[in-house]
Amino acid sequence: MKLAVHETGTGPRTAVLIHGIMSDHRAWHRVGFELEEQGFRIIAVDLAGHGGSPRSRRYSPRAWADDVVETVRPMLSGRRLDVIMGHSLGALVASMVGDRLAPRAAVYVDPAFAFPKGVRGAVMKLVFAAAPRPPRSALVRWNPKWSAVDVDIELATLRDWDKRTMLGLANTRLLAPPARLLAPSLVVLAEKSLLITDAVASGLRRQGMTVETVPGTGHTVFRDEHARFMDVVQRWLAAQSPLPAL
């Protein structure tokens with residue numbers, strides 16, 4: 001499936017941004033702008049069932065990954081993809097396209113590489129599947145660090161979101177880290193991560209990933225502490241080779 005794409009910038013490097021569930025490319029507005037200022041061409045996709053992309057009869061992590069490859073590969077025009085960045089579900093999808101798009105570097109933001117077990121996991125499934133779309137007042141209360149613009153964007157993306165996408169995550173065994181390290185990888189965790197326990201984080205480090213936690217953040221790290229998030233990402237990217245220094 002060809003996805004809706006928001007493309008900005010004409011820099012010599014290319015970054016692909018993949019949003020989390022219930023969201024779309026608009027969530028990355030500040031991240032994309034700053035990367036563009038640093039010389040990146042930005043390709044921000046809307047996954048199937050989100051934003052301006054088509055709805056699907058069936059959703060799954062593999063299908064979302066296939067859609068990203070089908071959409072993005074022709075846009076690279078034979079050039080190497082410099083950075084792929086994904087949040088939550090988008091991080092899982094980003095990890096699944098790595099072997100086909102061969103990015104030079106990967107950034108996974110509070111990734112859906114695991115899911116809570118037992119009662120906590122069951123409650124989370126129920127909440128995500130059955131909860132109504134929240135009003136503005138609830139979003140502001142739950143996310144006191146978000147800007148008014150981010151609250152507006154969240155409300156808009158929720159209106160455009162197909163709730164059936166939740167069925168694509170019903171089998172939580174599919175929420176797992178990549179089997180092998182395909183590129184230098186940075187994992188940026190929320191201080192209060194919904195998905196990644198200390199044990200899982202230790203496993204990611206053993207795989208060779210750099211794991212950083214941004215204090216004072218919830219699941220959407222780049223909205224809660226945008227400046228701190230960008231500092232972590234930019235310092236790490238600057239240390240990578242063969243990416244040119246920022």
Task: In range of the label at ASP99: residues from segment 200-240 whose backbone nitrogen is under 16 Å from the point 7 Å along Cα→Cβ - done: none
Task: Förster-model FRET efficiency, 35 Å R0, LEU167 and ARG73, C-beta, rounded to 0.05 - done: 0.85
TODO: Sort segment 1-75 into rounded, prolate or oblate with this rule: let a ≥ b ≥ c be the square roots of the eigenvalues of the Cα gyration tensor; rounded if a/c is under 1.5, and if a/c is not under 1.5, prolate when a/b is larger than b/c, oblate otherwise.
DONE: prolate
Task: Packing-based exposure ordering (other Cβ within 10 Å, fewest first) of THR217, THR172 - done: THR172, THR217
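Of the listed pairs LYS2/LYS145; LYS163/LYS192; LYS117/LYS163, which have alpha-carbon separations greater than 32 Å here?
Going by Cα-Cα distance, LYS2/LYS145 fall outside the 32 Å limit.
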Open item on the list: Just to be sure I understand the model, the point goes 7 Å from the Cα along the line to the Cβ. What's the resulting LEU158 to GLU7 distance in nm?
Closed with: 3.3 nm
TODO: Would you kindly state the longest site-free stretch of the chain, with sites defined as trypsin sites (Lys or Arg not before Pro) in a DSSP loop (not H, G, I, E, B) surrounded by at most 14 other Cβ atoms within 10 Å?
DONE: 193-246
TODO: Using only the Cα atoms of segment 55-96, build the gyration tensor, take square roots of its eigenvalues as a ≥ b ≥ c, and label the shape rounded, prolate or oblate: rounded if a/c is under 1.5, else prolate if a/b is larger than b/c, else oblate.
DONE: oblate
Task: Sequence-separation-based contact order of the chain, relative, with Cα cut under 8 Å and 6+ spacing, percent - done: 20 percent
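Every number in this text was worked out from the coordinates using simple rules, so none of it is lab data. All values derive from a computational prediction rather than experimental measurement. With ideal geometry, Cβ positions are generated from the backbone for all residues, glycine too; neighbour counts draw on all protein chains shown.
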